[in-house]
Amino acid sequence: MPVLAEADLRLDAGPLDYALLAIYFAFVLGIGFLARRSVSSSLDFLLSGRSLPAWVTGLAFISANLGAIELLGMAANGAQYGMATVHYYWIGAIPAMVFLGLVMMPFYYGSKVRSVPEFLRRRFGKGAHLVNAISFAVAQVLIAGVNLYALAFLLNLMLGWPIPLSVVIAAFIVLTYTTLGGLSAAIYNEVLQFFVIVAALLPLTIVGLHKVGGWQGLVDKVTAGPGGSEQLSAWPATELTGIQNPVLSVIGIVFGLGFVLSFGYWTTNFAEVQRALSAKSMSAARRTPIIGAYPKALIPFVVIIPGIIAALVVPEMAALKAGDDSSGIAYNNALPALIGELLPNGMLGIAITGLLASFMAGVAANVSSFNTVFTYDLWQDYIRKDRPDEYYLRIGRLATIGGTVVAIGTAFLAAGYGNIMDYIQALFSFFNAPLFATFILAMFWKRMSAAAGWIGLVAGTLAAVLVFVLAETGVVDLPGQGASFVGAGAAFAVDILVSVAVTMVTRPVPEERLVGLVYSLTPKESRRHSATGEDAGWYRSPVLLGIGVLALTLVLNIVFG
Amino acid sequence: MAHKAGLFDLRLVIAVLFGVYGVVLAVVGLGFTDETDLAKSDGLNINLWSGVGMAALAALFATWAILRPIVVPDASDAREDA
C-alpha cells in the first residue's frame, strides 16, 4: 500500500461519535454472550445447529462479503472507473447467487455436508478434499489478515490510532464474539452490521447527491470531468478490464468476471455457502443466496455512487483524477474522504461505526469459516478421528483463536500491495476459479473419477498462477482487472479439459456412493424442498424469488448500464 | 438429543440499537446543530433525518418481532424437517 500519510484524512470525531461507536461495540459483544447460551455441540458452534431463518442467513450471506475490500475497493473503483464498477454486482454476483440457490443448494444442503470441502471428500475421496481444504484454510487466514490490516490502516488514517494497536483491538473483538457464540454470533452480528452499514452509507449518498445537484448534476459533472461521459455507462468497460477492444472487453466481463470468477466465488466459497448451510430447512437454504441477492443488487447505489461523488466534491480526489497525485491521496480513500467532507458529528460517528462494522464482518466471516474447515475437514478427518463431540467443540474454539492470531501476522503481509482489490482478486482466481469447474462436473457428470477431482483442481490453479505471473512480469499486457478475469477463464478451461482427460483413463467412482451428490443419481424427491408450514406461500418460492431478482437486475442494467 | 431451545430474538436487538441511534441523532439534529454543521452537509439537517429514519427502522423491527414472535419447535420436530 502506498504511503498515504501526507494526505490529511483525519476526521473531526468528537465525544458523541465515539459514544455511538462504543454503543455498537457493546451490542456486538452482547450478541456474543447471548449466543453462547445456545451452543451445546460442535454443530451449534460451527453451523448454528442448522436452525436460522432465511432472512437472517440471507442478509448474513451478503454481509459476510461486505468487508473492507468490498466497500473501500468498490468505492475506489467507482471513483476511478465510474459506473462500469456495477459489473461486480449485476454481472459478477446476482446470476451466481441465484444459480447457487436454485441449482447447487439441493446437493449442498441435501447431502448434509458440513462444509464445501466435505462435499468434495464424499464425491471424490481424499485427494480433492485435501487440496481444497488446505487451500481454503490458507486463503481465509490470508484474507482475514488483509481485512484486519485495512481496518487498522483506516483507523490510523481517520482517528490517528496506531496501526498495531488497531489490529489487536479489532482482532480481539472479533475473537471474543466468535469464540463465545460461534457461527450464530458471527451471523447475528453480520445482520446487525448490514443495517449499520446501510445506515451509514445511505445518508452519505443522499448528502452527496444533494451536494452535486441531484442525479442530473452528477451526470453533468461527470460528463464535464476527466473521465467523460464514458464513465456513466457500464458497457463496454474497456477502462476497467484494460482490454482495448470493446467486444473482447465485454467477453472478458461476461465470461471472466460474470461466469468464472463470480460463479467460482459465490457458489464454492465456503465463507458464503456456510451461511446457507446454517439455515433451518432446505427451502430456507435455497432462499438464502436469493434473498441476499436483492440488497446486493441495490448496494452499488450506496457504494459506487459515493465513490463517483467523491471524485467530484473532494478536492484532492478530483485532482488525483485529473492526473495530479501530489496530495498523496489514493482511490482507496474515496469513501473516508467523502465522509470527512460531508458528514457532521453524529452521522460521522455512525459512518465510522459502519466502516468498522464492515471490516469486522469480513474478518468474522473468514475466521468462522476457517474454524469449521479446520475442525471438520482437517483435524477430524486426518488428525484425530472418532472423538466425542465436546472434543471437536473445543478444537473449534481453539482453531478460532489460532486462526485469528495467524491473521494478525498476515495483516502485515498485506502492507506490500498497492491495490487491495488486485491482491484479493489474484487469490480468488488462484483458488476459486478452477473450483467452480470441478463442482459443476462433480454434480452433473457421474462418470467423473476421483483422480480427475484433484488433478483438475491442481492444474486449474496452476493455470491461474501462470497467467498472474505473466501479467505481473509484463509478458502479457493487461492493466486494470483484466489479468484476474483472464486468469480465471484460463483456470476454468484448463480444469475442465484436464478433468475430462483424466476421467477418460481412470476408473469412475462406484455409483452407489454418489447418491445425493450427483444430479442423475439423486431421486427427485430428495432434491425437492418442503412447501408447507414455515416454508409455505408463493413469496417463499426460491424459483419465483430467483426470477424476480434476475428481472430486477436486467431492469437496472437497462436503466443505469 | 440435548438441544437448548431458541436463540434470543435478533429483531429486538436491531430495534433497540437503532432506537437508541435514532433518538440520539434526532435530538442532536434538533437541538445541537449549528450553522457550520449545516453548511458541511450542504444545508441538509442530515442528523435529524437519519435519526428519524433509524427510529422508523427500529419501530418496524419491533412491530415485526411483537406480531410474529419466535416459536421454538420441540427438538424432535426440528430434527425431522431438516
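The values are calculated or read from the model by the stated rules, or taken from the named source; none is laboratory data. Remember, it's a predicted structure, so these values are computed and weren't measured experimentally. A quick note on method: Cβ atoms are made from the backbone with ideal geometry, for glycine too, and the neighbour counts reach across all protein chains shown. Ligands, DNA and RNA are excluded from the accessible area calculation, which covers all protein heavy atoms including side chains. Shrake-Rupley method; radii C 1.70, N 1.55, O 1.52, S 1.80 Å.
Just a few scattered comments:
- Some residue of the range A:207-215 being basic (Lys, Arg) and at pLDDT 80 or above: yes
- Matching residues in the range A:195-220 - criterion: being buried (at least 24 other Cβ atoms within 10 Å of the Cβ) and of a type in the set (Ser, Thr, Tyr): none
- If you go through the range A:41-61 and keep only what is under 15 Å from the mean Cα position of the chain (by Cα) and within 14 Å of another protein chain (Cβ to nearest Cβ), you end up with A:Thr57, A:Gly58, A:Leu59, A:Ala60.
- The range A:8-23 residues that are without any contact (Cβ under 8 Å) to a residue 12 or more places away in the chain, paired with ones that are hydrophobic (A, V, I, L, M, F, W, C) and not in a loop (DSSP other than H, G, I, E, B) (beta carbon under 9 Å, 6 or more apart): A:Ile23/B:Leu17; A:Ile23/B:Val20; A:Ile23/B:Val24
- Of the residues in the range A:270-284, none is touching a residue at least 40 places away in the same chain (Cβ under 8 Å), open to solvent by 10 Å² or more (accessible area, probe 1.4 Å) and among the aromatic types (Phe, Trp, Tyr).
- Residues that are loosely packed, with under 15 Cβ neighbours inside 10 Å and at pLDDT 75 or above are absent from the range A:483-496.
- In a residue-by-residue description of the range A:537-544, the property of being modelled with pLDDT under 75, open to solvent by less than 60 Å² (accessible area, probe 1.4 Å), within 14 Å of another protein chain (Cβ to nearest Cβ) and over 14 Å from A:Ser449 (Cα atoms) applies to at least one position.
- Selection status of A:Gly127, surrounded by fewer than 22 Cβ atoms within 10 Å (Cβ to Cβ) and either over 17 Å from the mean Cα position of the chain (by Cα) or in a helix (DSSP H, G or I) (or both): yes
- Matching residues, the range A:64-85, being in contact with an Asp or Glu (Cβ under 7 Å, 6 or more places away or on another chain) and under 19 Å from A:Tyr149 (Cα atoms): A:Ala64, A:Asn65
- Considering the range A:374-393, and only residues there that are within 14 Å of chain B (Cβ to nearest Cβ) and more than 28 Å from the chain's Cα centre (by Cα), the residue that is most open to solvent (accessible area, probe 1.4 Å) turns out to be A:Glu390.
- Just one of the listed residues (A:Ala35, A:Ala64) is more than 9 Å from chain B (Cβ to nearest Cβ) and buried (at least 24 other Cβ atoms within 10 Å of the Cβ), namely A:Ala64.
- Any hit, the range A:359-373, residues being open to solvent by 10 Å² or more (accessible area, probe 1.4 Å), at pLDDT 85 or above and closer than 17 Å to A:Gln274 by Cβ: yes
- Listed by position, the helices (runs of 4 or more DSSP H) contained in the range A:1-120 that have at least 1 residues being at pLDDT 80 or above are A:15-36, A:54-63, A:74-81, A:87-90, A:94-99, A:105-110.
- In summary, A:Leu466 fulfils each of the numbered conditions (1) open to solvent by less than 60 Å² (accessible area, probe 1.4 Å); (2) part of a helix (DSSP H, G or I) with the single exception of condition (1).
- Taking each residue of the range A:337-350 that is more than 7 Å from every other protein chain (Cβ to nearest Cβ) and buried (at least 24 other Cβ atoms within 10 Å of the Cβ) and looking for partners that are assigned to a loop (DSSP other than H, G, I, E, B) and among the β-branched types (Val, Ile, Thr) with beta-carbon atoms closer than 7 Å, six or more apart or interchain, yields A:Ala337/A:Val314; A:Ala337/A:Ile329; A:Leu338/A:Val314.
- Test: residue in the range A:140-155 that is of a type outside the set (Asp, Glu), open to solvent by less than 20 Å² (accessible area, probe 1.4 Å) and touching a Lys or Arg at 6+ places or on another chain (Cβ under 7 Å): no
- Any hit, the range A:192-215, residues being of a type in the set (Lys, Arg) and under 23 Å from the mean Cα position of the chain (by Cα): no
- Answer residue from the range B:13-57, given it is without any contact (Cβ under 8 Å) to a residue 12 or more places away in the chain, assigned to a helix (DSSP H, G or I) and more than 7 Å from chain A (Cβ to nearest Cβ) and is most open to solvent (accessible area, probe 1.4 Å) among those: B:Glu35
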